[in-house]
Amino acid sequence: MRIAGFLGAAAIALTSTVSFAQNAATTEFYVVQDTSTKKCMVVDKKPATTTSVTVVGNTTVYRTKTDAEAAMKKVQVCM
């Protein structure tokens, strides 16, 4: 019974560690606008210059998605 309890705890710890690592790796968010539809959105990767999406506003890199979404509401072309 002790081994099963230990394995369960180890699985939970591993899952938590993987989840934290994924969140830590994605710490950059951008407010972008699709140039064809004029729709703004928040993305977690800087768009390539060869796409139809462009970074808008003051080209700030945001640490959280919540910060980027709040900033998107203030960008003139996204209103």
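The values are calculated or read from the model by the stated rules, or taken from the named source; none is laboratory data. In this text the structure is predicted, and so the values were computed from the model without any measurement. Neighbour counts are summed over all protein chains in view; Cβ atoms, including those assigned to glycine, are modelled from backbone coordinates with ideal geometry.
Scanning segment 25-66 for residues that are under 11 Å from the mean Cα position of the chain (by Cα) and among the basic types (Lys, Arg) gives 45, 46, 63, 65.
Here is a list: 15, 27. Which entry is modelled with pLDDT of 60 or more and surrounded by 10 or more Cβ atoms within 10 Å (Cβ to Cβ)? First the steps, then the outcome.
Values: 15 fails: modelled with pLDDT of 60 or more.
Result of the check over 15, 27: 27.
Residue-wise test of (1) β-branched (Val, Ile, Thr); (2) at pLDDT 55 or above.
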position	(1), (2)
11	no, no
35	yes, yes
56	yes, yes
65	no, yes
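Of all residues being over 17 Å from residue 46 (Cα atoms) and within 18 Å of the chain's Cα centre (by Cα) in segment 67-79, which is surrounded by the fewest Cβ atoms within 10 Å (Cβ to Cβ)? Just the residue, please. Full working, then the answer.
As a first pass, look at segment 67-79 and keep what is over 17 Å from residue 46 (Cα atoms): 70, 73-79.
If we keep only those that are within 18 Å of the chain's Cα centre (by Cα) as well, we get 70, 73.
On the way: 70: 13, 73: 10.
Only one residue tops the list, namely 73.
Residues in segment 37-54 that are surrounded by 10 or more Cβ atoms within 10 Å (Cβ to Cβ), at pLDDT below 90 and farther than 18 Å from residue 76 by Cα: 46, 47, 51, 52.
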